[in-house]
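First the structure, in the form of structure tokens, and then the observations on it.
The values are calculated or read from the model by the stated rules, or taken from the named source; none is laboratory data. This one's a predicted model, so the numbers in the text were calculated from it and none came from an experiment. Cβ: placed from backbone, ideal geometry, glycine included. Neighbour counts: every protein chain shown.
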Amino acid sequence: MELRAGAKLLLLLLLWVTRCGQTGAGGPSGFTSVIEVTNGGPWGDWAWPEMCPDGFFTSGFSLKVEPPQGIPGDDTALNGIRLHCARGNGELNKHVVESQSGRWGAWSEPLWCPGGGFLVAFSLRVEAPVTPGDNTAANNVRFRCSDGSELEGPGLAWGEFGDWSDPCPKGACGLQTKIEPPRGLRDDTALNDARLFCCRS
């Protein structure tokens with residue numbers, strides 16, 4: 001538990017340094033905390049975080065999903081998550097944050113929170129490791145909106161949805177993904193885990 005808390009503190013410190021470099025002497029802006037789930041896949045490394053512009057919140061999302069490959073194909077399922085940042089009418093806004101994504105699959109059309117709401121929590125559908133077998137890790141994601149409604153992405157059905165993350169008080173404003181790079185002839189899993197950054201209210 002102490003190690004996990006220390007890792008989260010280090011992540012916030014690194015983000016603070018990054019945002020200071022971008023925003024000048026005023027220091028970081030746009031986020032106050034990090035929300036995570038407990039069932040992410042074990043493979044890969046955390047990529048860079050990407051943040052919405054100051055004053056923007058995430059109102060929608062898109063997924064990059066590889067369809068089932070059949071036998072003897074190598075399934076990777078969920079390869080990427082894009083969050084659509086908005087201020088006002090989300091569907092008219094074009095700013096997107098992605099962090100890093102796998103190479104397989106195609107992007108879905110965005111799903112939006114109703115009534116101009118914001119994404120405040122998430123849950124990952126993850127297939128537990130199987131040995132031997134074709135591992136896929138993360139398969140799908142659900143988001144909860146600020147009005148309590150839930151949006152489920154067009155991912156695949158392998159695995160189970162885990163517990164919801166803690167909620168952001170106002171809304172999310174950034175994303176970081178954990179990606180396993182391509183492994184050649186060995187088993188690929190692509191996206192394994194994600195974390196979101198909560199915006200200042």
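Residues checked against (1) in contact with a helix residue (DSSP H, G or I) (Cβ under 7 Å, 6 or more places away or on another chain); (2) among the basic types (K, R); (3) part of a strand (DSSP E or B); (4) surrounded by fewer than 21 Cβ atoms within 10 Å (Cβ to Cβ):
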residue: R125; (1), (2), (3), (4): no, yes, yes, no
residue: T136; (1), (2), (3), (4): no, no, no, no
residue: G148; (1), (2), (3), (4): no, no, no, yes
residue: L151; (1), (2), (3), (4): no, no, yes, yes
residue: A157; (1), (2), (3), (4): no, no, no, yes
residue: W164; (1), (2), (3), (4): no, no, no, yes
residue: P169; (1), (2), (3), (4): no, no, no, yes
residue: L175; (1), (2), (3), (4): no, no, yes, no
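Among the residues making up segment 61-89, those that are over 19 Å from D134 (Cβ atoms), of a type in the set (G, A, S) and either at pLDDT 95 or above or surrounded by fewer than 23 Cβ atoms within 10 Å (Cβ to Cβ) (or both) are S62, G80, G88.
Of everything in segment 99-121, what is part of a strand (DSSP E or B) and among the small types (G, A, S)? Give them in sequence order. Before you say what the answer is, go through the steps one by one.
Applying the first criterion (part of a strand (DSSP E or B)) to segment 99-121 yields 106-107, 111-112, 119-121.
Listed by number, the residues that qualify are A106, A121.
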